[in-house]
Each structure stands twice: as structure tokens, then as C-alpha cells.
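To start, the structure itself, in C-alpha cells.
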Amino acid sequence: MSTNRPIKVGLLKQSELEEAGRIVRLAFGTFLGLPNPLDFMGDRNLMTPRWRSTHVKVIAAREGGRLIGSNVATRWGSFGFFGPLTVLPEYWDRGVAQRLLEATMTIFDRWGVRHTGLFTFPQSAKHVGLYQKFGYWPRYLTAIMTRTPEANTAPQAKPANAPALLSAFTKSQREQAIQACGKLTHKIDKGLDLAGEIRAVLAQRTGGVVLTYTRGVLDAFAVCLNGPGSEGGEKTCYVKFGAARGGAGAGERFDKLLDACEAFASSRGATVEAGVNLAREDAYRRMRSHGYRVTMQGVAMQSPHADGFNRADVYVIDDWR
Ligand SMILES: CC(C)(COP(=O)(O)OP(=O)(O)OC[C@H]1O[C@@H](n2cnc3c(N)ncnc32)[C@H](O)[C@@H]1OP(=O)(O)O)[C@@H](O)C(=O)NCCC(=O)NCCS
């Protein structure tokens, strides 16, 4: 039962993580009309791994000490995004999300990020209107795409350009590779940096970071989340972020990155799930040619109302959920 006591906003405590996860499922499951709302996202966990990451802040809304909603702010260097934003259904339309968003905007200001964004339901006037109040504008669709790679049956000789796994590197090789990833993304969009995301996967063992090289030069990398307690869960290899070096030959480097993600997914018996913004026209077309099908789509809302790294010359996989 909702009451009319004041709503307080602060950082989410560890002891509230489980309830926050339950509210995420209940809120989305209710909005989407699932027969059992708590089934939303199956065994995938969008809250715990993020809460444990240093590049993420999780904000909580409470009434009389009871958790009633939360939002997650993620920093990728000069870029920030938020979500999942959820409020207990019995508290909807009372301004709780707006309180969480005010706190989120304060965090973005403190981080000094240049560009921020979110992924939402394009058909919902409420969602689009809510985010417009905070300076966001709807731009291109983002397609969430999936492909199940063929199972790794016969053992094969390792090809010369087989993808590398960051976890197999020595400590100093890892640091070099993380720096190279930062340089690659900085060239795509000034200050874009996935170091936080990469370090979180290594520390929490919630998946793998695949890298492809040509003669020692980094061509592309992807952060793939999979396994119990991860954002992908046991059956999905969720490509949270992937990027191929831009310029001549970028499309071919992106194709090889898709192969690398698929090889990783297949080694774990998982389906690849990868999102791409439709402003990245060639990247989207290449994913379709690779056999990816769109399972759902949302709209990217951005502030300021500018391209950022949603451009035709960009070969990036992400979805900002
Ligand atoms: C989406 C959600 C977080 C909103 O939470 P909420 O606490 O109900 O939202 P608030 O009451 O703070 O804000 C609602 C705002 O939506 C906007 N809005 C609602 N209907 C609107 C319409 N028809 N046209 C334009 N704007 C509209 C308004 O700005 C309204 O605030 P206002 O009336 O004070 O101006 C909540 O409904 C939820 O948990 N949904 C399920 C999960 C989900 O969809 N999360 C977001 C994914 S991107």
C-alpha cells in the first residue's frame, strides 16, 4: 500500500539489492503485461553486477524507509547513460521517477560527462514525455538483435587471427590492452572509455572481453556478459559494448568482431544478444547479413540532441538499457 509520506532519495544499500531487483522485474513485467511479471528477464541480473562496479551509481527512492524505486547511472568516460529506471507499480504517476531523475542528473553533472542517453519504449507517450522534461530528445531506434551461433562440435585448429580473451593476458598485457581499447573508443567519440566496464567483468568474472588484432594492432573489442548472476544469465551472451576501429576497413573489422563474439558465445553454449543504434547504418546492415534478427527495439534519447557516437561511420554495439 502506498501512503503519502515524504519520499527520500539516496544511494542504494547492499541490503536493498534483492528488493531492487524484484522491483525491476515487477515494474517492467507489469508495464509489458507479462502473465507473471516477476519472470521478466529470466535469470539475468541487471542490478547486482552494476551495483558492484566503480563506474556505476545506483540511486534509490524510499518512503518511510521502504524501497519503492531505483535508477542506475553508468559512466563510460565522457558519456553517461541511465537505466533501468523503475518504480513500484502502486507508486506510479506520483513523481517518484522524477525524483530519481533529478538525483541522476546531479550525478551526471558531478561526473562532468559531455553527452548522456537512455533507451526507452518509443510507443509510450509517458516515457518519452518524462525524459523530455530532463532535456532528452528521441533520435534513432536501437535494435536489440540476437543470433544463436552453431555449436562448437569438432575441435578445430586455432586460426592465426583467432580472437584473444583479456582474461588470458598477463597483468601488464591487460593494462596495455585496456589502454588500447580507450584509444580506440576515444577516436570514435572524444573521451569515450570502457575501462570501468572492462575491469568490472574481469573482477566479477561475469563474462569475457574479446579482442581482435592485426599484426599486434587492436582492431576491435567487445565486453560479453554471460554466466550465473551476470547481465546475460546462463543462456545469453549479452554484448554490453563492442567497437571496431574506425576508418578504411572498419566494416570488415566489425565483421570479425561479430565472429569473435559468436565464437565466445558458442564456447559457452549461449545466444548472442547485441544492440545497435540504427544511425550506425552499415553496422546494422552487417549484423543483419550475419544472420542477426531484431527481437525488440527501443528509441535512443540523447542530451544534448546531437549524434554523439550514433553516426553512420561508427561500428559500435551497445543499447544503453
Ligand atoms: C516509467 C516509470 C519509471 C515512471 O515512473 P513514475 O514514478 O510513474 O513517473 P513520474 O510520476 O515521476 O512521471 C510521470 C511523467 O510522465 C510524463 N507523462 C505521463 N504521461 C504523459 C503523456 N501522455 N504525454 C507526455 N508526458 C507524459 C509527465 O511528464 C509525467 O509527469 P508530470 O505529470 O508530473 O509532468 C514507471 O512507470 C515504471 O517503473 N515503469 C515500468 C518500467 C519502465 O518502463 N521503466 C522505464 C524504462 S525506460
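Out of the range 53-96, which residues are away from the ligand (no atom under 13 Å from the Cβ) and part of a loop (DSSP other than H, G, I, E, B)?
Hits for the range 53-96 are S53, T54, H55, G64, G65, S78.
Please identify the pairs in which a residue from the range 1-30 that is not assigned by TED's automatic domain parsing to the domain that holds G42 and modelled with pLDDT under 95 has its Cβ atom under 9 Å from the Cβ atom of a residue that is within 15 Å of the ligand (Cβ to nearest atom) and part of a helix (DSSP H, G or I), counting only partners at least 6 apart or on another chain.
M1/E90; S2/E90; S2/Y91
Here are some residues: G42, G10. Which one is in a loop (DSSP other than H, G, I, E, B) and either buried (at least 21 other Cβ atoms within 10 Å of the Cβ) or small (G, A, S) (or both)?
Of G42, G10, the one residue that is in a loop (DSSP other than H, G, I, E, B) and either buried (at least 21 other Cβ atoms within 10 Å of the Cβ) or small (G, A, S) (or both) is G42.
Could you list all residues from the range 175-189 that are exposed (fewer than 15 other Cβ atoms within 10 Å of the Cβ) and charged (D, E, K, R)?
E175, K183, K187
Confirm whether C261 is without any contact (Cβ under 8 Å) to a residue 60 or more places away in the chain and assigned to a helix (DSSP H, G or I).
yes
The values are calculated or read from the model by the stated rules, or taken from the named source; none is laboratory data. Everything numeric here is computed off the predicted structure, so don't read it as measured data. Neighbour counts run over all protein chains shown; Cβ positions are idealised from the backbone, glycine included.
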